[in-house]
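Chemist: Structure incoming, see below.
Every number in this text was worked out from the coordinates using simple rules, so none of it is lab data. In this text, all values refer to a predicted model and were calculated from it rather than measured experimentally. Ideal geometry is used to build each Cβ from the backbone, glycine not excepted, and the neighbour counts take in all protein chains shown.
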Amino acid sequence: MRTLSTPSPALICPPTLPGFQNGRGSSTSSSSVTGETVAMVHSPPPTRLTHPLIRLASRPQKEQASTDRLPDHCMVHVFSFLPTNQLCRCARVCRRWYNLAWDPRLWRTIRLTGETVHVDRALKVLTRRLCQDTPNVCLMLETVIASGCRRLTDRGLYTIAQCCPELRRLEVSGCYNISNEAVFDVVSLCPNLEHLDVSGCSKVTCISLTREASIKLSPLHGKQISIRYLDMTDCFVLEDEGLHTIAAHCTQLTHLYLRRCVRLTDEGLRYLVIYCTSIKELSVSDCRFVSDFGLREIAKLESRLRYLSIAHCGRVTDVGIRYIAKYCSKLRYLNARGCEGITDHGVEYLAKNCAKLKSLDIGKCPLVSDTGLECLALNCFNLKRLSLKSCESITGQGLQIVAANCFDLQMLNVQDCEVSVEALRFVKRHCKRCVIEHTNPAFF
């Protein structure tokens with residue numbers, strides 16, 4: 001309920017507040033009765049605290065608090081490092097802090113954390129306060145982060161969609177109660193949204209405009225969504241048809257993460273490459289139905305692709321790696337851990353065609369041996385990170401060749417590999433900045 005003075009939400013109030021010490025009694029908040037975290041609206045605090053207990057413990061009136069000596073711009077800078085809940089608590093200290101805490105420059109980002117936070121109510125109270133100068137529209141808010149807030153529902157996303165047309169970044173990972181309809185509203189009413197993280201939101205199966213937005217806002221959107229970064233990791237229900245819709249509407253995508261979207265197949269990747277030709281980073285790790293045919297489609301991204309993760313895609317072999325190596329010559333990062341069909345021939349194709357490779361993970365690829373490592377070392381001199389975890393055919397000889405040619409190596413993982421202490425010491429001598437992850441108790 002609004003008061004006569006300007007309201008301020010006190011977010012993330014704990015269920016119970018500590019009482020006075022030394023047996024002077026206890027004090028609890030009315031919000032603690034329900035046993036949950038809520039957002040409340042309160043009036044600006046008075047200029048001075050007049051409670052007798054507080055007055056007895058306070059400093060002499062003539063002595064000025066150290067924070068009072070700081071100019072306003074310094075205080076605003078300090079406040080800029082606080083999360084949303086702490087910023088709201090600062091607004092309750094005194095009238096000066098109240099006015100400074102609501103400086104528009106501090107409210108480009110709302111960050112809420114905690115499983116017990118009543119996020120829907122918090123967002124409603126915050127946006128209402130931020131819309132005070134521009135009724136019903138919050139023009140300064142650009143980022144909302146509510147990752148891990150499991151109590152976030154569609155109602156909270158509807159509030160964001162209705163009040164925050166300038167939103168550019170939304171992170172709601174792990175909020176498994178939100179659905180497609182709420183996401184559709186956000187992307188339809190926030191035309192500037194570029195970064196969307198819905199990882200772990202198992203009910204989200206698609207990203208698209210609402211039907212009304214497709215008709216009414218077509219001059220503004222061009223029936224497209226401006227998202228460039230999309231993380232749908234652990235969206236288990238996502239299928240090829242959903243990916244087709246996403247690709248058709250989000251043609252400006254440059255970063256796409258589809259880890260553990262286990263229902264996707266090569267057909268979905270074909271749709272993706274048709275519409276989203278600007279992708280730089282792509283992850284389809286643990287998508288067990290992705291095979292060499294899918295990598296053939298991904299290779300059509302050509303030199304634009306810089307990052308690719310196909311970890312634990314068991315159907316990938318040297319054939320798929322050869323497609324990637326041939327057409328994606330500017331690849332910088334490749335994670336092929338657990339792709340047991342990759343051999344020395346695949347590593348050779350990769351090394352000879354992707355000479356600027358900086359990070360490679362071929363752990364748990366038992367068919368890769370010292371022969372592949374030698375070819376890698378003689379072609380990829382800029383290699384900085386190399387993981388060979390559980391590569392049974394790797395020996396110390398292969399590691400020494402790598403160390404003798406890749407001087408900039410910074411991380412080497414040889415856990416569960418049969419390599420000698422002498423080989424590890426050789427690596428350390430030639431790559432002085434290299435951190436070696438190993439399971440050899442004799443090397444330290």
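Chemist: If each residue of separation counts as 0.36 nm, what is the full-extension length gain between Ile274 and Ser420 once their alpha-carbon separation is subtracted?
Modeler: Extra length available between Ile274 and Ser420 comes to 47.7 nm.
Chemist: What value in Å³ per residue do you get for the convex hull of the alpha-carbon atoms in region 251-315?
Modeler: About 66 Å³ per residue, rounded to a whole number.
Chemist: For region 317-444, what size does the Cα cloud have along each of its three principal axes, sorted from largest down, in whole Å?
Modeler: 42, 25, 19
Chemist: Taking the Cα centre of region 291-443 as the origin, how large is its charge dipole in debye, to the nearest 20, when only Lys and Arg (+1) and Asp and Glu (-1) carry charge on their Cβ atoms?
Modeler: 840
Chemist: For an R0 of 30 angstrom, estimate the FRET efficiency from the Cβ-Cβ distance between Gln252 and Gln410 and round to the nearest 0.05.
Modeler: 0.35
Chemist: What is the diffusion coefficient of region 108-204 in µm²/s, taking the Kirkwood radius over Cα pairs and the Stokes-Einstein relation at 20 °C with a viscosity of 1.002 mPa s?
Modeler: The calculation lands on 166 µm²/s.
Chemist: A further question on this structure: For Thr116 paired with Ser329, estimate the spin-label separation in nm (one decimal), with each label point 7 Å from Cα along the Cα-to-Cβ line.
Modeler: 5.9
Chemist: What are the radius of gyration and Dmax of region 401-440, computed over its Cα atoms and given in Å?
Modeler: Computed over the Cα atoms of region 401-440, radius of gyration and Dmax are 9.3, 24 Å.
Chemist: I've got another one for you. For labels at Arg96 and His195 in the simple 7 Å Cα→Cβ model, what's the distance in nm?
Modeler: So the two model labels end up 3.4 nm from each other.
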